[in-house]
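Following: one structure in structure tokens, then a few remarks.
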Amino acid sequence: MSTAGSEYRLDGIYKQRQPGFYMQRVKLPAGVISANQARTVAAVSSHFGHGAVHLTSRGSMEIHWLKEEVLPQVKCELAKSGLSSRGACGGAVRGITCSSQSSLGFPAIESLARRLHRHFTGNPRFERLPKKFKIGIEADVVGGRHLIQDVGLVLASLDDGRASYDIWIAGGLGREPRAGFLLAERVPEERIIPIIEAIIAVYATNAPPPKRLKFLASEFGEVKLRHLIEAEATFCESVPEFTGLPDCLVTPSQGHQRLEIPVFAGKLASDQLLHIADASDRFADGTLMVTADQDIALQLSPGVDAAEVLETVRNKTALAFADAIKTLRVCPGSHECQMGLSATREIAALVTDIVTEHAKGLQWAVSGCSNSCTQPQLAEVGIITTRLKTDAEGLKSPRFDVYRRLQPGLGQREHEGLTLEELTTLLGKIT
């Protein structure tokens, strides 16, 4: 990779499949963004790109179809509204993700996410790592997302505003999925940053590029990796306890109703995002949340009617809600991503059209390559495009693996190497 390409990645930029175009990813702590910041993202996409925004399964936003010469302006415009992309791609600490936005403990989780975001983003001590380093914070273990992070924090207690977390490490998906293991229990918040620093130090010292932390868990074993981390000087340190005014945008949920606005395949037009930002200002204290399932959520102000807000959004945006699958995570695939092996949005549309009504209530994920960015191993039905096969006439067609998650942990592969026709037949039978 060229030096310029490597530096672009640290600024949250990837090349697209289409020559001459780039994608800019925007980090949102715990998926939270203000209405004014959302308007900035929409304006940047309209002015510099093709007027579309992609919502990711890690609660980030992506702007596609950017020319190289506008990238400095894009960074400047985002910075004016307090948005950062540093470390959103490449070998750095990525955006702090959370799928527990509806939990009672979310304000505490969001606050910690913002502190981690400030501490690690743009800090040269935590850049140019062997590969990406992912941190997620969850209210519980039900969804399994703590298992796929380099560091997964699970809220263990919240008493009088003091939070403690269980720390899981060395998880990840990709071609070699591995569930993380429990490193420490009930760790007070003031020790979280020093422990993560210790984990990163061990990772940066011992892992060769382009390996993730899970590589060390496999190579060393969990016992040795634990001992190396505990031997780091920062492991036993604490930072001063946080005091002062609340450090979150989302208010405690008592008296508030959560409204989720479905977004097919995570793709929003800029004007649709603008209308949702307007609805947020009117009905939800000016805050939006990008969910881990690539939708938009609003925490409505007390007394606001959710059905009325949803109808207002529908009328303004023309988003289609009827007959939608409740959860359907979809990556950009070959539509824009260099790694994409299949047209994922077309496959998602196929899923929506042919599965049974009961199957529409399941959690689905479609991934355009084995990187598994949509976390198909955590969906009840996960579809991964694994390769392209060339036929006798030289034409290439994708092959698909299908995973099912029927119990806690990572989903298991049930079907391998399916053609699109075979996949279509299978989808109609899933219940």
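All of the numbers you see were taken from the coordinates with simple rules; none came from a lab. Note that the structure is a prediction, hence the values are computed from the model and not measured. A quick note on method: Cβ atoms are made from the backbone with ideal geometry, for glycine too, and the neighbour counts reach across all protein chains shown.
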### Sequence-distant residues sharing a close amide H with Thr327 (under 5 Å, placed H)
Trp364
### Message
Can you tell me the mean projection area, over all orientations, of the convex hull of region 4-149's alpha carbons? Units nm², please.
### Response
8.9 nm²
### Task
Rank by packing, highest mean first: peptides 178-187, 65-74, 35-44, with packing defined as the count of other Cβ atoms within 10 Å averaged across residues.
35-44, 178-187, 65-74
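What ratio of Cα Rg to 2.2 N^0.38 Å holds for region 288-395? Walk me through the numbers before you get to the answer.
On the way: Rg = 16.8 Å, N = 108, 2.2 N^0.38 = 13.0 Å.
This ratio for region 288-395 stands at 1.29.
Divide by every residue of the chain the summed helix terms, -39500 (n - 2.57) for each DSSP H run of at least 4, and state the resulting mean residue ellipticity at 222 nm, rounded to the nearest 500 deg cm²/dmol. Write out the running numbers ahead of the final one.
Numbers: 11 runs with 125 residues, N = 431.
Here the helix-only value at 222 nm equals -9000 deg cm²/dmol.
For region 327-427, what is the percent of antiparallel DSSP beta bridges, rounded to the nearest 5?
60 percent
Given the chain, what percent of its DSSP beta bridges are antiparallel, to the nearest 5? Don't jump to the answer; show the numbers that get you there.
Numbers: 54 of 68 bridges.
Of those bridges, close to 80 percent are antiparallel.
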### Query
Dividing the convex hull volume of the alpha carbon atoms of region 106-236 by its residue count, what do you get in Å³ per residue?
101 Å³
## Note on the structure
For Leu319, other-chain or 5+-apart residues with amide H closer than 5 Å (H placed, Pro excluded) are none
### Task
Could you work out the local net charge near Ala306, counting Lys and Arg as +1, Asp and Glu as -1, over the other residues with Cβ closer than 10 Å to its Cβ?
-3
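Plugging the Kirkwood radius over Cα pairs into Stokes-Einstein for region 332-431, at a temperature of 4 °C and a viscosity of 1.567 mPa s, what D comes out in µm²/s? Display every interim value, and only then the final one.
On the way: Rh = 13.6 Å.
Calculated translational D: 95 µm²/s.
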### In sequence order, calculated HN-Hα J values of region 376-387 (Karplus, 6.51, -1.76, 1.60; Hz; x Gly/Pro)
x, 6, 10, 8, 5, 9, x, 10, 10, 7, 9, 6
### Task
Return the sequence-ordered ³J(HN,Hα) values of region 205-210 in whole Hz as given by the Karplus equation 6.51 cos²θ - 1.76 cosθ + 1.60 applied to θ = phi - 60°, using x for Gly and Pro.
7, 10, 9, x, x, x
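If you wrap the chain's Cα atoms in a convex hull and average its projection over all directions, what's the area in nm²? Present the calculation step by step, with values, prior to reporting the outcome.
Details: hull surface 84.0 nm².
Quarter of the Cα hull surface area: 21.0 nm².
Where nothing but the Cβ of Lys and Arg (+1) and of Asp and Glu (-1) is charged, how large is the charge dipole of region 106-236 around its Cα centre, in debye to the nearest 20? Don't skip to the answer; put the middle values down first.
Working: 19 positive and 17 negative charges, 136 e Å.
Here region 106-236 has a charge dipole of around 660 debye.
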### Task
Could you tell me the distance between the Cα centroids of region 348-404 and region 79-137, to the nearest Å?
29 Å
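Quantify how much of the Cα-Cα distance distribution of region 145-207 extends past 20 Å, in percent. Please report the intermediate quantities before stating the final value.
Working: 580 of 1953 pairs.
The proportion of pairs with Cα distances above 20 Å equals 30 percent.
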### Karplus-derived 3J(HN,Hα), 6.51/-1.76/1.60, for each residue of region 254-268, Hz, glycine and proline x
4, x, 10, 10, 8, 10, 9, 9, x, 10, 5, 6, x, 9, 10
